[in-house]
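**Q** Before I ask anything, here is the structure I am working with.
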Amino acid sequence: LTFEAREALGLHAAPASVGVAAGSGDNMMSALGAGAAAPGKFVMSLGTSGTLFGASDTAVEDPSGTVAPFRDATGRYLPLLCLQNCTNVLQEVS
């Protein structure tokens, strides 16, 4: 972290050797790993919750809150639809 960045962020007491690392969330990183980091490709994940998400160059604004307006790990947008308890139905038919 440069001196200028530390000062701009108010980290006056931070040591001169503060490291900076990129971080992200599980859905954002799984989009990268699944090759869906470009618009037009989607990931569907079925587990405790069910999610469908894909990269977008523009933000998706959903006033209902059904689609979450995340950012992805590359700086694009990652609209995400989530259904809670999606695989509970499997317990009923197994």
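**Q** Output the number of the condition that Thr74 fails; it satisfies all remaining conditions of (1) among the hydroxyl-bearing types (Ser, Thr, Tyr); (2) closer than 30 Å to Thr2 by Cα; (3) open to solvent by less than 70 Å² (accessible area, probe 1.4 Å); (4) touching a helix residue (DSSP H, G or I) at 6+ places or on another chain (Cβ under 8 Å).
**A** Thr74 satisfies every listed condition except (3).
**Q** If I go through the stretch 15-50 residue by residue, how many of them are open to solvent by less than 60 Å² (accessible area, probe 1.4 Å) and of a type in the set (A, V, I, L, M)?
**A** Total satisfying the criteria: 7.
**Q** Is it the case that Gly47 is on the phi > 0 side of the Ramachandran plot and either out of contact with any Ser or Thr (no Cβ under 7 Å at 6 or more places or on another chain) or not aromatic (Phe, Trp, Tyr) (or both)?
**A** no
**Q** Sticking with this one: In the stretch 49-66, which residue that is part of a loop (DSSP other than H, G, I, E, B), in contact with a strand residue (DSSP E or B) (Cβ under 8 Å, 6 or more places away or on another chain) and among the hydroxyl-bearing types (Ser, Thr, Tyr) is modelled with the lowest pLDDT?
**A** Only one residue tops the list, namely Thr66.
**Q** Which residues, taken from the stretch 1-47, are closer than 30 Å to Cys82 by Cβ, of a type outside the set (Ser, Thr, Tyr), without any contact (Cβ under 8 Å) to a residue 24 or more places away in the chain and not in a loop (DSSP other than H, G, I, E, B)?
**A** Asp26, Gly33, Phe42, Val43, Met44 - these are the residues of the stretch 1-47 that are closer than 30 Å to Cys82 by Cβ, of a type outside the set (Ser, Thr, Tyr), without any contact (Cβ under 8 Å) to a residue 24 or more places away in the chain and not in a loop (DSSP other than H, G, I, E, B).
The values are calculated or read from the model by the stated rules, or taken from the named source; none is laboratory data. Please read all numbers here as calculations on a predicted model, not as lab measurements. Heads up, the Cβs are rebuilt from the backbone with ideal geometry, glycines too, and the neighbour counts pull from every protein chain shown. SASA here: full protein model, heavy atoms, side chains in, ligands and nucleic acids out. Shrake-Rupley method; radii C 1.70, N 1.55, O 1.52, S 1.80 Å.
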